[in-house]
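Notes to accompany the following structure.
The values are calculated or read from the model by the stated rules, or taken from the named source; none is laboratory data. Keep in mind that this is a model prediction, so the values were computed, not measured. Heads up, the Cβs are rebuilt from the backbone with ideal geometry, glycines too, and the neighbour counts pull from every protein chain shown.
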Amino acid sequence: MLKVEYHGHSCVQLSDGEHSLIIDPFLSDNPVAVADPDAIRVQHVLLTHAHGDHIQNAAQIAKSNDATLIAIHELATYMSWQGVKAQDMNIGGRISLGYAEVQMVQAFHSSAVIHHETKEIIYGGMPAGFIIRWNGHTILHAGDTNLFLDMKLIGERNAIDLAFLPIGDLYTMGPEDAADAAEWLQAKQVVPVHYNTFELIQQDGAAFAKLLSARGIEGRVMHPGEHFIL
């Protein structure tokens, strides 16, 4: 049993009833989120990259749970400076969480912590995605990315049961490219993320699911607060 819960934007929480992890927690300033960051209970916090709409509540959740934060080296180091228990890794590497295995894979995007008040930009390392193997399931969270040809290699080497793919366009790939990504990844099921949080990334999730269906792929549109059992 694996519970899959969507908290809006790119924030996903996975749980087997005893253990739980959260990816890219952005809740406090997320206009569509319904979860209270103080109510989140996890053992690990995974971050795909350093932008504020992916890390906003990471330190808060990690500290309140005494959880370990996992991110690429530069971002993990930055988060450790915030008093977080952090484990760094890098693209291609794997780490065992005890209850699941996590592999970091590439994504194409940018990554930095931006302090608007001081006009300071802190390099956050390379952006990434995560392949999570848990209870016989293989799950891909692609992070913020565009379409890239090595998605075919990732699909050939991993039997992906569920993929979280961004469709918002402008800052990531849009629905058409995400449909190609789903096909190249050979994902059995796809949940669209990183859309409809703000006006600039408005998309039709149901229309995206139809694009997937035409390719023989199941699309599952989730609303913030919804969950299902994989």
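Which of the residues spanning region 69-91 are more than 17 Å from His109 (Cβ to Cβ), among the aliphatic types (A, V, I, L, M) and out of contact with any Ser or Thr (no Cβ under 7 Å at 6 or more places or on another chain)?
Leu69, Ile70, Ala76, Met79, Val84, Met89, listed by residue number.
Where residues in region 149-193 are in a strand (DSSP E or B) and in contact (Cβ under 8 Å) with a residue 60 or more places away in the chain, which of them is nearest to Val105 (Cα to Cα)?
Residue satisfying both the conditions and the ranking: Phe164.
Restricting attention to region 94-118, and to residues there that are free of Cβ contacts under 8 Å to residues at least 12 places away in the same chain and closer than 15 Å to His51 by Cα, which single residue is surrounded by the fewest Cβ atoms within 10 Å (Cβ to Cβ)?
For region 94-118, the residue satisfying everything is His116.
I'm trying to understand the selection: among the residues of region 112-148, which are in a loop (DSSP other than H, G, I, E, B) and among the acidic types (Asp, Glu)?
Glu117, Asp144
Of all residues in region 46-66, which are in a loop (DSSP other than H, G, I, E, B) and either within 12 Å of Val113 (Cα to Cα) or in contact (Cβ under 8 Å) with a residue 40 or more places away in the chain (or both)?
Of everything in region 46-66, those that are in a loop (DSSP other than H, G, I, E, B) and either within 12 Å of Val113 (Cα to Cα) or in contact (Cβ under 8 Å) with a residue 40 or more places away in the chain (or both) turn out to be Thr48, His49, Ala50, His51, Gln56.
Considering region 48-93 alone, what residues qualify as being surrounded by fewer than 17 Cβ atoms within 10 Å (Cβ to Cβ) and hydroxyl-bearing (Ser, Thr, Tyr)?
Ser64, Thr77, Ser80
Consider Leu211 against the criteria (1) surrounded by fewer than 18 Cβ atoms within 10 Å (Cβ to Cβ); (2) of a type in the set (A, V, I, L, M); (3) more than 25 Å from Ser111 (Cβ to Cβ): it satisfies all of them except one. Which criterion is unmet?
(1)
Modelled with pLDDT of 95 or more and part of a helix (DSSP H, G or I) - does that describe any residue in region 15-37?
yes
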